[in-house]
Amino acid sequence: MSLDSVADDDARKRNRYPFDRHSTEYREKFLQTTQEMHEKCPVAWSDTYGGHWVAASSEAVFELARCPYVSNDHDVRNERRGYKGISIPTADRASGVRGGILEMDEPEHKFFRSILNPYLAPAAVKRWVPFIDKVIHACIDEKIETGHIDFVDELANVVPAVLTLAMLGIPVEKWTIYNEPVHAAVYTPPDSPDAPRVAELHRQLGIDLITNLFEIRENPRPGLINAVANASIDGGAPDDMELLGILSLVIGGGFDTTTALTAHSLEWLSENPDERERLSAHRDELLDGATEEFLRYFTPAAGDGRTIAEDFEATDGTDFREGDRLWLSWAMANRDTELFEDPNQVHLDRTGNRHFSFGLGIHRCIGSNVARTVFKRMLVAVLDRMPDYQCDPQGAVHYDSIGVIQGMRHLPATFTPGPRTHSSLADTLVEVQKMVDDENLAEPLALSRAQQKG
């Protein structure tokens, strides 16, 4: 590279910030980092992880997330342009598998999204509410007589996991095989002494998932696995690792994000009991808006990576070059005073909440309807059956890094004991599996209605 080229590159990267979303410092100083970037460099160059751009402001994130010159592609076989997908840096365990539709550009993205959409549309998700409620109340009944619960381990981890497996077409009794590796893969750093154990758990998960794929391909049963098992695009079948990536995205998105949102929200409501009482008393008016506000404030998935696919100049004057890496921070955009009044406070009655927590553009979260529904049902059940709960701040364990998911590992709480009202969790899992099978819950909605009429 010539001296002129170096000078040119330095000039276009003149707005610099030492941004490292995986660092403990970023977790501890999230608000300070966000405010500094909004004020000084809403789009900045960071030298971390080989160098990449960071978009922190709502205006920049909105523009770049919808920009036609920005790519999600993860070229795992280095057959096209060598782009690295949505993770910065690329996780070792994801280096050989694309992360589903989130790491696809058009037309692949549109094709596979169209296959998944009928299972995740609002009307389809609504059919799962009785199933969701049974699992929630079974989890609560496991602890209701004791006056003690860990909201993460014993509620918020369980419900999304059981539901996601049911929607996939995997027997719900297997939720424990999937639960720990999905969460631990997010919060366990690669240099942790526990990393080999977590990797082995993740390997076992992968084996079970692909075994289900093979079984369902040979003997179809309803669910998202069946939807993709025999997919054909451009006259050919995608390889099984591609399908494994799509299904893994459904699992990761279905498990950890909803757990994180629920835990943080329950913790905040414990710390603000007057607001908890107001939300409970006026839930018909407040619940929907409060859900969006918790999504904005706690932003479960902090952001996504992209690759610049063509040289262009953004509205703010940033000179992007093909191959540059870019981080879109949904979390920092959600705290922008240019878009949100008093953004660093939770307002349960906030209106016009155009938050970024499900992403933007064509890659907006396909599971947003599921996440909202499961969160609301869990929250309402806790407000009804544990109205005086108090979380233990000494026992709460937050993820060391918020670079992928802003989650929690533990959230113990105490409450006034109450009576059991539902079956045990073990019995409920048998009951809800029968619901799935008898009511064709895992079928796409149009097909399920046709079968019922037939």
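The values are calculated or read from the model by the stated rules, or taken from the named source; none is laboratory data. Since the structure is predicted, the reported quantities are computational estimates derived from the model, not experimental observations. Backbone-built Cβ (ideal geometry, glycine too); neighbour counts: all protein chains shown. Note: areas computed on protein heavy atoms with side chains; ligands, DNA, RNA excluded. Shrake-Rupley method; radii C 1.70, N 1.55, O 1.52, S 1.80 Å.
Here are a few things to note about the model shown:
- Above 19 Å, the calculated P(r) of the range 197-255 contains 30 percent of its Cα-Cα pairs.
- Over the chain, relative contact order from alpha-carbon pairs under 8 Å, at least 6 apart, %: 26
- Highest to lowest packing among 26-35, 180-189, scored as the average C-beta count within 10 Å: 180-189, 26-35
- Given +1 at the Cβ of Lys and Arg, -1 at the Cβ of Asp and Glu and no other charges, the dipole of the chain around its Cα centre is 900 debye to the nearest 20.
- Extreme residue, positive dipole direction of the chain, given options T351, L31, A91 (C-beta unit charges): T351
- When each of the peptides 420-431, 328-339 is scored by the mean number of other C-beta atoms lying within 10 Å of its residues, the order from highest to lowest reads 328-339, 420-431.
- Distance from the range 346-371 to the range 126-192 (C-alpha centre basis), Å: 23
- Since only A442, T262, P196 are under comparison, the one whose Cα sits farthest along the positive direction of the charge dipole of the chain, derived from C-beta charges on Lys, Arg, Asp and Glu, is A442.
- Links that overshoot a 20 Å alpha carbon limit, given the list K13/K40; K29/K376; K29/K84; K126/K434; K134/K376: K29/K376; K29/K84
- The gain in end-to-end length when the E28 to M241 segment is fully stretched comes to 73.0 nm, 0.36 nm per residue minus the alpha carbon separation.
- Shown is the FRET efficiency for E439 and T315, computed with R0 = 60 Å from the Cβ-Cβ distance and rounded to the nearest 0.05: 0.75.
- Rounded to the nearest 10 square angstrom, Y49 shows an accessible area of 90 square angstrom against a 1.4 Å probe.
- Note on the chain: Rg/Rh from Cα positions, Kirkwood definition for Rh, rounded to two decimals, is 0.97.
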